[in-house]
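Reviewing the structure listed below.
What follows is calculated from the coordinates using simple rules that are stated; it is not laboratory data. None of the values given here were measured: they were computed from a predicted structure. Heads up, the Cβs are rebuilt from the backbone with ideal geometry, glycines too, and the neighbour counts pull from every protein chain shown.
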Amino acid sequence: MSAHKANRHLMAEMTSPEFAAHIEAGAVVFIPTGTTEQHGPHLPLGVDFQLPQAMALEVARAVDGIVTPPIPFGYKSMPRSGGGPFFAGTIGLDGATFSHVIRDLIRELVRHGARKICVIDGNYENLWFLNEGVDLAYRELKDSGLKVMVLQHWEFLTDRTLAQVFPDGFPGIELEHAAVLETSLMMHYYPDLVHTDKLPDNPAAESGPYDVWPPHRHWVPDSGALISAKGATADKGRLIAEQVGADITAAIRNEFEV
Ligand code: ZN
């Protein structure tokens, strides 16, 4: 194993004076969020925060920003979008707990001088609880000049990229759990974490247009992937990463004038 080299954009690898100087210079602070949940037999449990962390780091390099440690737990996996609570290793926080983690983290970053914050999320179910946490912080801190962006990385996918990644048509983001998008991105960013001999190839999950408690186990394919992951490639992952990364960077520059 080679010796570790400190990354000058990772908060966890900066000293306190380095962090302070970076914030003083007006750096955008990126918070990668996601959750820990099953992603089929071929992907690790950390996909939903590992991808935002990798993307945040690329954008931070482009705009000389700071990436906080990722928030590795988020809102609960739902059967229709993440396979639900049925699989080993899927961890879900109550919505209010997750919102309060985000609120408190923003409050602390602002206390240290941050005014430009961007949350990059990778767990579909997180969105409204993230927005709630940001809104609670903003309500309290808006006189400080705070500005916060919240984004889920797949929202940046263009029709052109989707047409290249899904030549037979995009099945929709809800079904893209542990499927072609996430698998391709993992092959690009973390190739050693993908079990390419175990790519699931099941048909699309069939569920009703509603949620129900107790949740239906039969709405979720046994693989844990909501649709086939065959067709995922590292080249597609690079294509997605480059297009989405460039467009997130452009949005950051536009909103924060960096
Ligand atoms: Zn995921």
Listing HIS22, HIS153, HIS216 from the residue with the fewest other Cβ atoms within 10 Å to the one with the most, what is the order?
-> HIS216, HIS22, HIS153
Classify the chain: rounded, prolate or oblate, from the alpha-carbon gyration tensor (a ≥ b ≥ c, eigenvalue square roots; a/c under 1.5 rounded; otherwise prolate if a/b is larger than b/c)?
-> prolate
Within segment 146-164, which residues have the backbone N less than 19 Å from the label spot 7 Å out from GLU255 along Cα→beta-carbon, could you tell me?
-> 146-158
Helix 127-141 axis, angle to the chain major axis (alpha carbon atoms, nearest 10°) = 10 degrees
Given the options GLY26, GLY172, GLY89, state which has the largest fluctuation in a GNM of the chain using a 10 Å cut-off (strictly under) for Cα springs.
-> GLY172
Angle, helix 234-256 long axis vs. longest principal axis of the chain, Cα atoms, 0 to 90°, nearest 10?
-> 30 degrees
Roughly how big is segment 11-253's charge dipole about its Cα centre, with Cβ charges of +1 (Lys, Arg) and -1 (Asp, Glu), in debye to the nearest 20?
-> 380 debye
What is the total of Lys pairs in the chain with C-alpha atoms under 20 Å apart, excluding same-chain pairs fewer than 8 positions apart?
-> 4
Which residue, ARG61, ARG139, ARG107, has the most motion in a Gaussian network model of the chain that connects Cα atoms within less than 10 Å?
-> ARG139
Acute angle (nearest 10 degrees) that the helix 95-111 long axis makes with the longest principal axis of the chain, alpha-carbon atoms | 30 degrees
Could you please rank SER77, SER228, SER223, SER144, placing first whichever residue has the fewest other Cβ atoms within 10 Å of its Cβ?
-> SER144, SER228, SER223, SER77
Taking a crude spin-label model, label points 7 Å out from Cα along the C-beta direction, the ALA204 to ALA12 distance in nm is 3.7 nm
Going fewest to most other Cβ atoms within 10 Å around each Cβ, TYR138, TYR75 line up as TYR138, TYR75
What per residue convex hull volume, in Å³, do the alpha-carbon atoms of segment 88-172 yield?
-> 130 Å³
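Is the shape of segment 144-258 best called rounded, prolate or oblate, per the rule: a/c under 1.5 gives rounded, else a/b larger than b/c gives prolate, else oblate, with a ≥ b ≥ c the square roots of the Cα gyration tensor eigenvalues?
oblate
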Quick calc of log₁₀ I(q)/I(0), segment 1-61, Debye, one scatterer on every Cα, no solvent, q values 0.18 1/Å, result -0.77
What residue among GLN152, GLN53, GLN38 has the largest mean-square fluctuation in a Gaussian network model of the chain, using Cα springs under 10 Å?
-> GLN152
Divide by every residue of the chain the summed helix terms, -39500 (n - 2.57) for each DSSP H run of at least 4, and state the resulting mean residue ellipticity at 222 nm, rounded to the nearest 500 deg cm²/dmol.
-> -12500 deg cm²/dmol
